[in-house]
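Have a look at the structure below, then the notes.
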Amino acid sequence: MPTPANSATERRDRALADSVSLVHPGTADHEILESSNTAIVQGIREKRWTATEVLNAFVKRALVAQGETNCLTEGRPSNIAIAFSATVAEAHARARSLDEHFAQTGTVVGSLHGLPVSIKDMIHIRSVHTTLGLTSHLSEPPHTSSAAIVAALEHLGAIVPYVKTNVPQLLLSFECNNAVFGRTKNPYNPAHTSGGSSGGEGALIAFRGSALGIGTDIGGSLRIPAGYCGIYSLKPSSVKGSTWPTEGIARLGEGFEGLVSVVGPMCASAEDLQMVWVEVGRVLSLEDWRRDGSETASDKDLAYTLHKERLENEFGIPDLPARKPIDYGSLRPLDLVSVRQSSRPIRIGVYHTDGFVHTTPACYRAMEETISALRTKYSDAQIQLVPLPKEDVRAVEAMEIFVGLTSAAKYRHLSHPHLSPDALEPTLHVPVYVSRLPAFLRALISFVLVYILRETDFAVLGRATGGKSAEEYFKWVQRRETFRREWRERVWQGYDLDAIIAPIQATPALPHGGAQKLSLMSISTAMYNVLDYPIACLPVTRVDAAKDSHFHPPTATEGYERESQVWSKWANDGELAKCSRLVKKEVYRVYDANKMQGLPVGLQVITPPGKEERAIGIMRMVDDALADVKVRGGQWVDSLTEEKKVGFGNW
């Protein structure tokens with residue numbers, strides 16, 4: 001499908017063309033892009049490069065990413081971000097001001113000094129237009145203020161705005177396509193999607209076109225693109241004091257509070273993910289405020305309040321602190337085990353399937369490789385792995401609540417008045433149009449599913465969709481609360497768990513259009529929005545056609561004895577046998593290990609509400625147990641150069 005031609009894409013393309021003349025070859029480009037974000041800032045401190053040189057290095061990668069994946073929205077000429085009134089020099093002016101500050105003071109502005117940060121095109125930036133990929137939003141003026149998270153990033157020295165990234169229509173699909181900017185492609189295979197709704201972010205960061213990105217999540221939007229594109233992400237819970245502020249985030253469904261969208265980071269490495277989470281958290285919790293010891297007690301109190309008020313005004317937040325202090329101990333889970341008086345190890349629940357969507361061989365192998373790596377790296381005194389059955393995961397019940405809540409207004413709270421004049425994307429036809437069927441037709445479909453097709457779980461989800469009265473909606477909210485309490489008691493307390501490891505989805509990145517009949521595949525991520533748990537994601541492996549066919553096992557004679565055992569376990573897994581046969585049929589219409597060769601496969605690490613630092617800490621344990629990310633996952637072919645490469649982030 002060609003990229004749409006309209007005023008927004010024309011502005012973006014002119015801006016991209018103009019940016020080429022502003023970017024000069026840099027001798028340190030490769031070293032900058034290969035460095036962690038902490039190392040990049042340290043390089044500025046050590047005068048090995050400047051903020052301007054860092055910006056130029058990432059701009060060049062962003063240009064390549066845009067050409068390969070169509071991941072960006074409108075562009076500001078010098079730094080590829082959206083704005084109507086941008087000048088060619090604006091981004092470089094920000095970088096120059098950072099360089100001048102450093103030259104004059106010998107200190108960086110903050111811990112993100114000089115890092116270009118990409119922003120999902122639903123988060124407002126001062127003087128920049130937010131389109132959400134909707135034609136109806138193109139005529140709206142640029143915003144007069146930035147979102148709180150953007151202001152916090154600028155406060156820490158980041159180069160924001162840098163770029164804004166593409167999103168799916170109405171932010172509903174886990175494919176990334178809209179009528180304004182078109183379709184974003186997977187960075188490893190242009191025939192497949194980058195995921196959604198933070199799909200532009202996933203593609204850009206995989207290309208190392210951004211130092212870090214900011215996305216949102218209400219059903220999997222930070223996690224699915226991370227899994228599809230082979231990067232890291234963190235979905236916080238919405239528990240007060242645990243998440244980043246949402247002031248300044250565009251809201252299509254204003255007033256809907258059945259599920260809460262959260263803001264989180266997306267990065268190229270586990271180290272970068274932890275770094276930005278901690279540094280932004282230090283500012284939002286006012287932990288970064290320090291008294292120099294010269295004031296009296298009274299003066300210290302006054303200084304604190306003045307600092308607090310200044311940041312409240314700067315960020316547009318009514319009251320700080322907006323986050324609880326960082327739980328540094330939970331970032332070091334193994335050290336916690338060693339200093340606890342009890343001999344209890346870290347207990348991690350594992351499951352290979354949500355019990356509804358049949359997990360494909362590649363994703364099943366990713367789980368098995370992770371379990372094996374953990375058992376090899378850590379002793380029984382350090383970790384215990386606990387299998388979780390479908391009956392306790394209860395994914396279908398969670399998805400029932402998700403569908404019941406989100407369809408309560410038949411999705412009109414999203415489509416009206418925003419959608420017109422755009423046609424509804426095909427990937428949204430099933431959830432939207434089924435919710436608008438007359439009740440008797442939905443009842444008939446349910447009858448067929450239960451009594452003819454023997455698809456009870458599918459029927460449960462079908463009955464949940466459709467419009468609801470206020471009283472009915474309140475009952476669904478109450479069901480959500482009851483479900484959360486029961487899940488906590490049955491799983492977290494019943495199994496005495498610290499975390500859970502599970503597939504992000506049942507398949508690697510779908511081919512374009514694959515989500516049209518597989519919208520329910522989001523069950524594996526959406527269930528944790530219902531439960532409101534924090535989740536850290538990481539890349540584990542890549543699809544290997546020799547190992548991951550669903551038709552036949554790999555052979556021991558080819559050196560795949562271990563993989564053959566994993567395949568046999570997949571083929572005979574009783575939990576997979578409980579999955580929906582109808583959904584399985586559609587899954588294997590699109591799953592093809594040969595066509596998916598080299599696509600990333602990731603996992604999610606889930607923790608209880610408010611335990612974001614634990615999610616990061618245990619994710620990093622998993623990351624350390626696996627092969628180094630630079631060689632992890634086997635071979636893939638760079639579509640740009642046709643070179644054979646290994647690992648993640650090796651562009």
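Tabulated results
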quantity: Residue count for the stretch 130-154, restricted to those that are under 25 Å from ARG61 (Cβ atoms) and outside any loop (DSSP other than H, G, I, E, B); calculated: 5
quantity: Residue match in the stretch 504-512 (condition: small (Gly, Ala, Ser), assigned to a strand (DSSP E or B) and in contact with a strand residue (DSSP E or B) (Cβ under 6 Å, 6 or more places away or on another chain)); calculated: no
quantity: Qualifying residues in the stretch 133-157 (those that are small (Gly, Ala, Ser) and surrounded by fewer than 18 Cβ atoms within 10 Å (Cβ to Cβ)) - the one modelled with the lowest pLDDT; calculated: SER139
quantity: Close pairs from the stretch 514-540: first on the phi < 0 side of the Ramachandran plot and modelled with pLDDT under 95, partner crowded, with 24+ Cβ neighbours inside 10 Å and of a type in the set (A, V, I, L, M), Cβ under 9 Å, at least 6 apart; calculated: none
quantity: Meets criteria (at pLDDT 95 or above, hydrophobic (A, V, I, L, M, F, W, C), assigned to a helix (DSSP H, G or I) and within 26 Å of the chain's Cα centre (by Cα)) for VAL432; calculated: yes
quantity: Residues located in the stretch 541-585, provided they are outside any helix (DSSP H, G or I) and surrounded by fewer than 15 Cβ atoms within 10 Å (Cβ to Cβ); calculated: PHE551, HIS552, THR555, GLY559, ASN572, GLY574
quantity: Test: residue in the stretch 598-616 that is more than 30 Å from ILE445 (Cα to Cα), in contact (Cβ under 8 Å) with a residue 24 or more places away in the chain, surrounded by fewer than 21 Cβ atoms within 10 Å (Cβ to Cβ) and in contact with a strand residue (DSSP E or B) (Cβ under 8 Å, 6 or more places away or on another chain); calculated: no
quantity: Of residues in the stretch 158-180 being touching a Cys at 6+ places or on another chain (Cβ under 9 Å) and either in a strand (DSSP E or B) or among the aromatic types (Phe, Trp, Tyr) (or both), the one modelled with the highest pLDDT; calculated: THR165
quantity: Any hit, the stretch 235-257, residues being under 12 Å from the mean Cα position of the chain (by Cα), touching a residue at least 40 places away in the same chain (Cβ under 8 Å), part of a strand (DSSP E or B) and more than 25 Å from SER420 (Cα to Cα); calculated: yes
quantity: Test: residue in the stretch 629-637 that is surrounded by fewer than 23 Cβ atoms within 10 Å (Cβ to Cβ), out of contact with any strand residue (DSSP E or B) (no Cβ under 8 Å at 6 or more places or on another chain) and not charged (D, E, K, R); calculated: no
quantity: Candidates LEU437, LEU424, LEU419, filtered to the one that is surrounded by 15 or more Cβ atoms within 10 Å (Cβ to Cβ), part of a loop (DSSP other than H, G, I, E, B) and free of Cβ contacts under 8 Å to residues at least 60 places away in the same chain; calculated: LEU437
quantity: Looking only at the stretch 586-631, and only at residues there that are hydroxyl-bearing (Ser, Thr, Tyr) and in a loop (DSSP other than H, G, I, E, B), the one that is nearest to ILE535 (Cα to Cα); calculated: THR607
quantity: Filter result for the condition that a residue is part of a helix (DSSP H, G or I) and either basic (Lys, Arg) or within 27 Å of GLY281 (Cβ to Cβ) (or both), over THR305, THR376; calculated: THR305
quantity: Any hit, the stretch 347-361, residues being closer than 24 Å to VAL491 by Cβ, at pLDDT below 95 and of a type outside the set (Val, Ile, Thr); calculated: no
quantity: Failed item in (1) touching a Lys or Arg at 6+ places or on another chain (Cβ under 7 Å); (2) within 24 Å of GLY647 (Cα to Cα), with LYS578 passing the rest; calculated: (2)
quantity: Subset of the stretch 199-247 (residues that are among the acidic types (Asp, Glu) and surrounded by fewer than 24 Cβ atoms within 10 Å (Cβ to Cβ)); calculated: GLU247
quantity: Matching residues in the stretch 336-351 - criterion: being surrounded by 14 or more Cβ atoms within 10 Å (Cβ to Cβ) and among the aliphatic types (A, V, I, L, M); calculated: LEU336, VAL337, ILE346, ILE348, VAL350
quantity: Contacts under 7 angstrom Cβ, first residue in the stretch 328-343 being farther than 13 Å from ILE616 by Cα, partner in a helix (DSSP H, G or I), 6 or more apart; calculated: LEU336/GLY329
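Here is a yes/no grid of residues against (1) under 27 Å from SER639 (Cβ atoms); (2) modelled with pLDDT under 95; (3) buried (at least 19 other Cβ atoms within 10 Å of the Cβ):
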{"site": "SER7", "(1), (2), (3)": "no, yes, no"}
{"site": "ALA17", "(1), (2), (3)": "yes, yes, no"}
{"site": "ILE32", "(1), (2), (3)": "yes, no, yes"}
{"site": "VAL41", "(1), (2), (3)": "no, no, yes"}
{"site": "ALA51", "(1), (2), (3)": "no, no, yes"}
{"site": "VAL54", "(1), (2), (3)": "yes, no, yes"}
{"site": "HIS92", "(1), (2), (3)": "no, yes, yes"}
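Every residue, every condition in (1) farther than 21 Å from LEU576 by Cα; (2) assigned to a loop (DSSP other than H, G, I, E, B); (3) touching an Asp or Glu at 6+ places or on another chain (Cβ under 6 Å); (4) at pLDDT 95 or above, yes or no:
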{"site": "ILE445", "(1), (2), (3), (4)": "yes, no, no, yes"}
{"site": "LEU449", "(1), (2), (3), (4)": "no, no, yes, yes"}
{"site": "VAL460", "(1), (2), (3), (4)": "no, no, yes, yes"}
{"site": "VAL477", "(1), (2), (3), (4)": "yes, no, no, yes"}
{"site": "ARG484", "(1), (2), (3), (4)": "yes, no, no, yes"}
{"site": "ARG488", "(1), (2), (3), (4)": "yes, no, no, yes"}
{"site": "TRP492", "(1), (2), (3), (4)": "yes, no, no, yes"}
{"site": "TYR495", "(1), (2), (3), (4)": "yes, yes, no, yes"}
{"site": "ALA502", "(1), (2), (3), (4)": "no, no, no, yes"}
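Okay, residues lined up against (1) of a type outside the set (S, T, N, Q); (2) at negative phi; (3) modelled with pLDDT under 95:
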{"residue": "GLN384", "(1), (2), (3)": "no, yes, no"}
{"residue": "GLU391", "(1), (2), (3)": "yes, yes, no"}
{"residue": "PRO417", "(1), (2), (3)": "yes, yes, yes"}
{"residue": "THR427", "(1), (2), (3)": "no, yes, no"}
{"residue": "ARG454", "(1), (2), (3)": "yes, no, no"}
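Table: residues versus (1) within 30 Å of GLU586 (Cβ to Cβ); (2) under 23 Å from the mean Cα position of the chain (by Cα); (3) surrounded by fewer than 15 Cβ atoms within 10 Å (Cβ to Cβ); (4) outside the structural domain of ALA39 (by TED's automatic domain parsing).
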residue	(1), (2), (3), (4)
VAL283	no, yes, no, no
LEU302	no, no, yes, yes
LEU311	no, no, no, yes
PRO321	no, no, no, no
LEU334	no, no, no, yes
THR353	yes, yes, no, yes
PHE356	yes, yes, no, yes
THR359	yes, yes, no, yes
THR376	no, no, yes, yes
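The values are calculated or read from the model by the stated rules, or taken from the named source; none is laboratory data. In this text the structure is predicted, and so the values were computed from the model without any measurement. Here Cβ is always computed from backbone atoms with ideal geometry, including for glycine, and neighbour counts include all displayed protein chains.
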